[in-house]
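Notes follow once the structure below has been shown.
The values are calculated or read from the model by the stated rules, or taken from the named source; none is laboratory data. Values in this document were obtained by computation on a predicted structure and should not be read as measured data. All Cβ positions, glycine included, derive from the backbone under ideal geometry; neighbour counts span all protein chains shown. Calculation scope for accessible area: heavy atoms of the full protein, side chains included, ligands and nucleic acids excluded. Shrake-Rupley method; radii C 1.70, N 1.55, O 1.52, S 1.80 Å.
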Amino acid sequence: MRTHTTTTRSTTRGTTTATGTTAAATAGIAAVRNLGILAHVDAGKTTVTERILYLTGTTHKRGEVHDGTTVTDFDPQERDRGITIFAAAVSCAWAGHRINLIDTPGHVDFADEVERSLRVLDGAVAVFDAVAGVEPQSESVWRQAERHGVPRIAFVNKLDRAGADLDAAVAAIRERLHPRPLAVHVPIGAEESFTGVVDLVGQRALTWDEDGTLHEGPVPASLEAVAAERRRALEEAVAELHPEALEEFCARATLGADTLTAALRDLTRTGEVVVVLCGSAYRNRGIEPLLDAAVAYLPSPLDVPPTRSADRAQQRDPDPEQPLTALAFKVTSAPTGRLTHLRLYAGTLHKGATVLDTATGRRERVARILTVLADRHTETDTARAGDIVAVVGPKHTRVGATLCDADHPIVLEAPVSAEPVVTVAVEARRAADTDKLAAALARLAEEDPSLRVATDPETGQRTLSGLGELHLEVAVEKVRRDAGVEAVVGRPRVALREALTEGVTGFTYRHAKQDGGAGQFAHLVLDVHPLPAGTEGEFAFTSTVTGGRVPREYVQAVEAGCRDALAEGPLGGHPVTGVAVTLTDGATHPKDSSELAFRTAARLGLREALRASRMHLLEPLAEVSVTVPEDALGTVLGDLAARRGHVRSTEPGHGATARVGALVPLAELFGYAGRLRGRTQGRGTFTTRPAGYAPAPTPAG
């Protein structure tokens with residue numbers, strides 16, 4: 001985690017440099033912006049990115065989400081579904097600055113992509129819908145950025161829609177996200193007649209034609225009074241928070257544009273305020289001032305604290321002359337080979353260099369260095385501190401690994417992957433594709449650490465776990481498209497247990513086998529009962545045989561045979577638990593008795609004894625902790641009751657939320673993530689952990 005703190009205002013504004021960095025290198029790094037675009041799904045984040053690429057000359061045609069022609073949503077599934085699924089990096093240039101931009105997903109199921117991106121970003125643009133305001137996933141990505149200490153500016157999009165209201169959106173940002181939002185724009189026109197904005201900092205009007213051509217002019221007479229009033233309020237708010245601005249405001253009763261810009265830059269980078277701009281990305285209005293604001297207010301790699309090792313013992317400044325230090329934040333498979341996406345924090349990486357992967361201890365050769373434009377790449381010979389690039393060559397590097405100079409090893413803090421909450425069973429439709437499916441799933445889990453692949457030791461099923469049903473659906477479809485494997489997806493079988501309700505006493509079993517050679521003989525008398533309540537363990541064995549009727553070595557074989565029998569119970573072949581067996585008597589044969597004979601007799605005899613006993617099924621329970629908005633508490637409690645859940649506690653959470661603790665049968669939690677999100681508008685979350693077993697309901701009839 002990073003906390004963006006500064007010791008002086010001048011340091012925050014980037015007027016100091018890293019030790020040993022040359023003036024030219026400093027200028028180059030100061031002109032870099034590593035930014036993310038964050039938003040709720042459908043807020044227009046990808047359209048904003050597409051307009052940025054077009055205006056900066058990176059692309060020559062405006063991509064549209066609804067047409068499936070966007071640069072960053074290049075995956076077929078993204079184009080089919082009309083949403084961003086995978087974080088896509090692009091690079092462009094604006095006003096003498098190089099902007100490395102990551103378009104992140106807005107759907108809650110892909111929050112881990114956002115998490116990994118934020119780990120390597122220096123700033124972010126949060127996009128909000130001018131009609132919907134702050135939506136559930138807007139809150140989630142905002143909190144993620146807060147945890148990583150990433151400064152943000154806000155762009156209120158879709159000002160041309162019916163019901164759009166900039167003031168309402170700003171109020172929602174203040175009330176739900178709790179920053180101090182400062183709007184620097186006043187819309188010109190409303191809804192369908194929205195044509196531009198008044199820039200309060202520059203005190204000018206910016207308007208756009210239908211073809212997206214920008215015109216600059218004086219503030220319209222009809223808005224002069226409103227603009228003057230809001231400019232005054234902006235100056236007062238800034239002066240209240242910024243000492244240098246306060247000094248000028250007291251001396252002149254106003255703030256110059258340069259002072260206001262510098263103060264907003266400082267306050268944005270310390271997180272004290274959030275600059276709010278507005279526009280309509282779809283109609284090409286408001287993107288130029290957004291780019292100007294990103295350059296003016298958001299930090300360069302020089303403006304954030306030096307990166308530190310995970311143990312905080314080492315530090316690296318953003319200096320091309322320091323030892324190489326880079327973090328792998330994304331791994332993908334591409335036609336050009338396996339791509340490892342890196343953020344360079346220090347040093348210079350050359351094509352053909354050998355680097356140390358401190359996660360594996362391996363030395364990896366960097367065969368190629370690529371500047372990334374989503375799924376398109378341009379080869380380059382070097383990358384320097386502050387850059388975000390992809391490299392070809394490392395074969396074993398995983399997400400979160402540190403690549404560094406072998407003579408100066410360092411381990412950076414890796415992004416933390418979310419724990420999966422949804423699990424499905426996956427198997428190949430054709431048995432011949434089983435190995436191919438296993439390899440494809442392993443590759444998926446390597447690219448996306450929030451996916452977990454496992455084989456249930458009890459059911460034998462291969463399971464895939466992820467952050468939501470859509471997350472898993474996308475993963476399985478990717479296996480089908482990329483690996484050509486048809487996968488069958490279903491609910492995993494619950495690992496049931498069988499237990500005794502009432503046992504048997506004095507159960508006799510005689511095992512005699514004679515097939516030509518040495519025979520097998522064992523005679524046993526068993527008492528079989530449920531373990532007393534509160535007894536630890538799943539099985540207890542004792543022997544009360546006296547007089548040597550069953551030799552000691554055979555008694556041990558009887559215990560082993562009983563354990564063998566408990567692997568499959570009579571009700572459905574499930575493991576049997578909670579059984580106490582006592583060997584009370586037995587008999588041997590001088591020639592045909594052996595350890596094998598007694599072990600076999602115990603296995604077969606106990607199975608017969610269990611069939612003669614009364615038994616019931618046990619199902620696994622999960623201890624569930626659900627955090628929900630207070631207004632959805634009743635609905636969530638009712639849903640838990642419908643899932644046979646036993647609510648154990650309800651207590652207030654942070655803000656207007658409540659926490660519910662419940663015991664729920666594991667079988668009832670399949671599909672719960674999607675249901676909870678639907679009932680809470682995406683704001684509910686839950687965690688689970690195993691909580692033992694309880695009797696399963698008896699099927700009707």
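Considering only residues that are outside any strand (DSSP E or B) and among the aliphatic types (A, V, I, L, M), look in the range 179-198 and name the one that is farthest from residue 287 (Cα to Cα).
Going through the qualifying residues, I end up with 190.
State all residues of the range 353-365 that are out of contact with any His (no Cβ under 8 Å at 6 or more places or on another chain) and either open to solvent by less than 30 Å² (accessible area, probe 1.4 Å) or aliphatic (A, V, I, L, M) (or both); if no residue qualifies, say none. Break it down stepwise before answering.
Within the range 353-365, the first condition is being out of contact with any His (no Cβ under 8 Å at 6 or more places or on another chain), and the residues that meet it are 353-356, 358-359, 361, 363, 365.
353, 355, 356, 359, listed by residue number.
Only one residue in 438, 442, 406 is part of a loop (DSSP other than H, G, I, E, B), under 28 Å from residue 342 (Cα atoms) and not basic (Lys, Arg), so which one is that? Working first, answer last.
Details: 438 fails: part of a loop (DSSP other than H, G, I, E, B); 442 fails: part of a loop (DSSP other than H, G, I, E, B).
Step by step, each of 438, 442, 406 is checked, and only 406 is part of a loop (DSSP other than H, G, I, E, B), under 28 Å from residue 342 (Cα atoms) and not basic (Lys, Arg).
Just give me the residues in the range 261-305 being among the hydroxyl-bearing types (Ser, Thr, Tyr) and closer than 18 Å to residue 53 by Cα, in sequence order.
280, 282
Filtering the range 608-642 down to residues that are among the small types (Gly, Ala, Ser) and assigned to a strand (DSSP E or B), which residue is surrounded by the most Cβ atoms within 10 Å (Cβ to Cβ)?
Taking the candidates together, the pick is 622.
Among the residues of the range 388-403, what is the count of those that are buried (at least 19 other Cβ atoms within 10 Å of the Cβ) and part of a loop (DSSP other than H, G, I, E, B)?
6
Would you please list the contacts, defined by Cβ atoms under 6 Å and residues six or more apart or on different chains, that run from a residue in the range 493-511 that is over 9 Å from residue 526 (Cβ atoms) to a residue that is part of a strand (DSSP E or B) and among the small types (Gly, Ala, Ser)?
Partner pairs satisfying both residue conditions: 511/522.
Of all residues in the range 486-506, how many are in a loop (DSSP other than H, G, I, E, B), open to solvent by 70 Å² or more (accessible area, probe 1.4 Å) and either under 12 Å from residue 579 (Cβ atoms) or not basic (Lys, Arg) (or both)?
1
Can you list the helices (runs of 4 or more DSSP H) lying wholly within the range 1-73 that have 1 or more residues being modelled with pLDDT of 75 or more and within 26 Å of residue 682 (Cα to Cα)?
Ranges flagged: 45-55.
Output the residue which, of all residues in the range 629-677 that are of a type in the set (Gly, Ala, Ser) and in contact with a Gly (Cβ under 9 Å, 6 or more places away or on another chain), is farthest from residue 466 (Cα to Cα).
So, considering only residues that are of a type in the set (Gly, Ala, Ser) and in contact with a Gly (Cβ under 9 Å, 6 or more places away or on another chain), the one farthest from residue 466 (Cα to Cα) is 649.
Working only within the range 643-686, note down all residues that are open to solvent by 30 Å² or more (accessible area, probe 1.4 Å) and charged (D, E, K, R).
Across the range 643-686, the qualifying residues are 644, 648, 651, 659, 668, 675, 677, 679, 683.
Of all residues in the range 111-143 being open to solvent by 10 Å² or more (accessible area, probe 1.4 Å) and of a type outside the set (D, E, K, R), which is modelled with the highest pLDDT?
131
Exactly one of these conditions fails for residue 597: (1) among the hydrophobic types (A, V, I, L, M, F, W, C); (2) more than 30 Å from residue 552 (Cβ to Cβ); (3) open to solvent by less than 50 Å² (accessible area, probe 1.4 Å). Give me its number.
Unmet for residue 597, out of (1) among the hydrophobic types (A, V, I, L, M, F, W, C); (2) more than 30 Å from residue 552 (Cβ to Cβ); (3) open to solvent by less than 50 Å² (accessible area, probe 1.4 Å): (2).
Taking residue 312, is it more than 26 Å from residue 43 (Cα to Cα) and without any contact (Cβ under 8 Å) to a residue 40 or more places away in the chain? Walk me through it before giving the result.
Working: more than 26 Å from residue 43 (Cα to Cα): yes; without any contact (Cβ under 8 Å) to a residue 40 or more places away in the chain: yes.
When the stated conditions are applied, residue 312 passes them.
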